[in-house]
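Colleague: Before we start, here is the structure in question, set down as structure tokens.
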Amino acid sequence: MTRTHRIISTAIVAAYLVTCAGVVALVTIGLFFWVGQPWGTINDLSLLVMTLALAPFMLAYYELGGWTPTPLAQAAQALGWIAVLSWCVIQALMVAGAVSFDYYSPATGALAIETVALVYIGLWIAGANALAGRWLGRVRWLGVASGIGVVAFAGGLFAGGVDHPLTFIGGIGYQIALPIWTFLVVRDLRRVG
């Protein structure tokens, strides 16, 4: 098995992990608002798994190439991994109780850092899909839309917290479109892998 095949195989597993964790996150956020805990914590953990699984998925996009010159693609890749890792570390600290978030006010402190990472992740998703090579089919536009949704979600957190309209609109891209997009990209990954 070549390096490219290993990367693609890992990305396919990661895509399914993003999809499954996204479904769990969507269900548990609904249960949290309806019932309360422990569903909020399960939602937070699901989002942690979903976001962490994006890193190998990002590597497949880099490996398969696109229209971005290699030095810029390498920089985008490195910053994407840093954003994913930063977001995941802060999310894990929040779940462990080491930091706390005030979701009902504009993002500050650790939540602001996590939100900046989320902005970059969304920009990476939108840009990587828009600039992917011919290996990626029409699902690229769902990737662009979900990336924009992630950025909008983060923008809502910065502007006013979870009750801001951008948070609701962006949440569709973040918690619905993103898992669907990763699931659908698997077909294109299988075709080239």
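Colleague: Could you calculate the contour length gain from Y104 to V35, that is, 0.36 nm times the residue separation minus the distance between their Cα atoms, to one decimal place in nm?
Modeller: Stretched out fully, the Y104 to V35 stretch lengthens by 23.0 nm.
Colleague: For the chain, compute Rg over Rh where Rg is the Cα radius of gyration and Rh is the Kirkwood radius from the inverse mean 1/r over Cα pairs.
Modeller: Rg/Rh for the chain comes to 0.97.
Colleague: Between the DSSP loop rule and a limit of at most 14 other Cβ atoms within 10 Å, which trypsin sites (Lys or Arg not before Pro) in segment 118-168 are left?
Modeller: R134, R138
Colleague: Once you charge only the Cβ atoms, +1 for Lys and Arg and -1 for Asp and Glu, what is the size of the charge dipole of the chain about its Cα centre, to the nearest 20 debye?
Modeller: 860
Colleague: List residues of segment 150-185, by number, whose backbone nitrogen lies under 17 Å from a label position 7 Å along Cα→C-beta of V116.
Modeller: Flagged as within label range: 151, 154-159.
Colleague: Name the most mobile residue of Y103, Y120, Y62, meaning the one with the largest mean-square fluctuation, in a Gaussian network model of the chain with Cα contacts below 10 Å.
Modeller: Maximum among the listed residues: Y103.
Colleague: Between G66, G22, G122, which gets the highest mean-square fluctuation from a Gaussian network model of the chain, Cα cutoff 10 Å?
Modeller: Maximum fluctuation in the GNM of the chain, among the listed residues, is at G66.
Colleague: Further question: Note down the net charge around L136, summing +1 for each Lys or Arg and -1 for each Asp or Glu among other residues with Cβ under 12 Å from its Cβ.
Modeller: Neighbourhood net charge equals +4.
Colleague: Also: Which of the peptides 164-177, 104-117 is most tightly packed, and how do the rest follow, judged by the mean count of other Cβ atoms within 10 Å per residue?
Modeller: 164-177, 104-117
Coordinate-derived values only; no laboratory data. Since this is a predicted model, take the numbers as computed values, not measurements. For neighbour counting, all protein chains shown are included, and Cβ atoms are generated from backbone atoms with ideal geometry for every residue, glycine included.
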